[in-house]
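Following: one structure in structure tokens, then a few remarks.
Just so you know, all these numbers are worked out from the coordinates, no wet-lab data involved. Predicted, not measured: the structure shown is a model, and the values here were computed from it. Cβ placement follows ideal geometry from the backbone for every residue including glycine, while neighbour counts extend to all protein chains displayed.
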Amino acid sequence: MTDTTASDLRAAAETALTQCVDLTADETCLIVTDDNREAIGEMLYTVASEITEEPVIVRYPPGDQHGAEPPAPVAAALMEADVFLAPTTKSISHTRARGDACKAGARGSTLPGITESVFVTGLDADYEAIAAHSKRMHEQVQEADEIRVTSPQGTDITFELGGREWLLDTGIVHEPGAFSNLPAGEIFISPKSATGTYVVDGTMRPHGLLEADQQLTFEVEDGLVTHISDDEIRSQIETAAEEAGDAAYNLAELGIGTNVGVEQLVGSVLLDEKAAGTVHIAIGDNASIGGTVDAPLHLDGILREPTVFADGDALELPE
């Protein structure tokens with residue numbers, strides 16, 4: 001979208017700051033952004049300034065990798081904020097800085113890889129309705145020990161949950177320590193282990209939206225990715241493995257999209273992984289979502305046509 005206007009950005013910022021994080025006049029608000037997302041960051045700061053007398057904006061050069069820690073001064077600022085919003089090029093969702101801030105009582109949302117068009121489109125939503133869909137999906141899986149995902153493209157992978165907790169990303173972030181992506185709409189878990197094959201046919205970095213005949217195949221054994229069909233993604237993970245070892249190959253996340261307002265995939269992982277009826281599977285870091293693995297990356301791949309089974313029973317996915 002090349003014709004995004006200031007009024008479009010303002011409307012999206014108002015939704016984020018009022019409906020989603022419920023900023024109040026007596027709270028501090030931190031906007032974390034980078035050089036490539038300045039317009040979104042500045043609009044959030046402008047709207048926050050009209051709500052509270054204590055808005056702060058920090059900006060830094062884009063990080064090298066999704067999941068890489070932000071600079072130390074940014075991490076320190078997050079620890080001191082009541083509310084934060086982080087529109088950045090590279091995701092800080094799965095970082096110690098974000099996780100520690102929420103443990104300290106900050107609430108807020110990250111907007112990783114956000115563009116002006118996705119910001120406007122994704123925040124034009126009824127987040128109370130999205131929360132209701134997420135809760136209904138959660139009810140179907142919360143007691144399961146095992147999840148199996150299949151697809152016509154060749155996916156057949158089984159996740160052992162090991163008693164770990166499903167998390168809801170509803171976009172409603174009103175309690176101390178609460179966290180969500182924006183745009184929102186998913187339930188997700190860090191599985192204890194997984195074995196099988198999954199085939200990404202939707203969206204995945206660094207490719208964006210895949211072509212109609214393009215598929216990325218991943219083999220997984222005992223919770224580690226053992227084969228990657230795509231050269232660019234394999235190279236990206238091999239580079240991370242130079243620092244993190246096998247942690248870079250960790251099968252990190254299973255997520256189910258619950259945002260019925262996302263009618264088609266657009267090539268943004270942030271938005272597309274929320275599309276109702278899709279599944280996304282991620283490689284790398286999971287320490288901030290209930291796992292134990294630290295890695296300098298978190299790569300989500302989206303499956304368009306999944307069937308999901310909880311302890312053998314097929315689930316009813318939102319559409």
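Of all DSSP bridge pairs formed entirely within the chain, close to 70 percent run antiparallel. Distance distribution P(r), the chain, all Cα-Cα pairs, bin width 20 angstrom from 0: 35, 59, 6 percent. Close amide H pairs (under 5 Å, H built 1.01 Å from N) link Gly177 with Gly105, Ala106, Arg107, residues at least 5 positions away or on another chain. Remark: Met204, Met79 ranked as Met79, Met204, counting other beta-carbon atoms within 10 Å and listing the fewest first. The alpha carbon centroids of region 112-133 and region 194-241 are separated by 26 Å. The shape of region 6-122 comes out oblate: with a ≥ b ≥ c from the C-alpha gyration tensor, a/c is at least 1.5 while a/b does not beat b/c.
By the equivalent-ellipsoid construction on the alpha carbon gyration tensor, region 165-266 comes out with semi-axes of 26, 19, 13 Å, ordered largest to smallest. When the chain is treated as a Gaussian network with alpha carbon springs shorter than 10 Å, the biggest mean-square fluctuation among Asn286, Asn181, Asn36 belongs to Asn36.
Normalised by the number of residues in the chain, the mean separation of alpha-carbon contacts (under 8 Å, six or more apart) gives a relative contact order of 17 percent. Whole-Hz Karplus values for region 279-291 come out as 10, 10, 10, 10, 10, x, 6, 9, 5, 8, 10, x, x Hz, taken residue by residue from phi with 6.51 cos²θ - 1.76 cosθ + 1.60 and θ = phi - 60°; glycine and proline positions read x. According to the Cα-based calculation, Rg over Rh for region 127-314 is 0.94, with Rh computed by the Kirkwood formula.
Restricting the GluC sites (Glu not before Pro) of region 116-204 to loop positions (DSSP other than H, G, I, E, B) with no more than 11 neighbouring Cβ atoms within 10 Å leaves Glu143, Glu165. Over region 220-319, the hull volume per residue, using the convex hull of the C-alpha atoms, is 119 Å³. 3J(HN,Hα) couplings calculated from phi for region 145-162 with the Karplus curve 6.51 cos²θ - 1.76 cosθ + 1.60 (θ = phi - 60°) are, in sequence order, 9, 9, 10, 10, 10, 10, 7, x, 7, x, 5, 7, 9, 10, 10, 9, 7, x Hz; Gly and Pro show x. Amide H contacts of Ala86: Val32, Ser109, Thr110, Leu111, each under 5 Å away and 5 or more positions distant or on a separate chain (H built 1.01 Å from N in the peptide plane; Pro and chain starts excluded). Karplus-derived 3J(HN,Hα) values for region 214-229, using 6.51 cos²θ - 1.76 cosθ + 1.60 with θ = phi - 60°, are 9, 9, 10, 10, 10, 9, 10, 9, 6, x, 10, 6, 10, 8, 10, 6 Hz; glycine and proline are entered as x.
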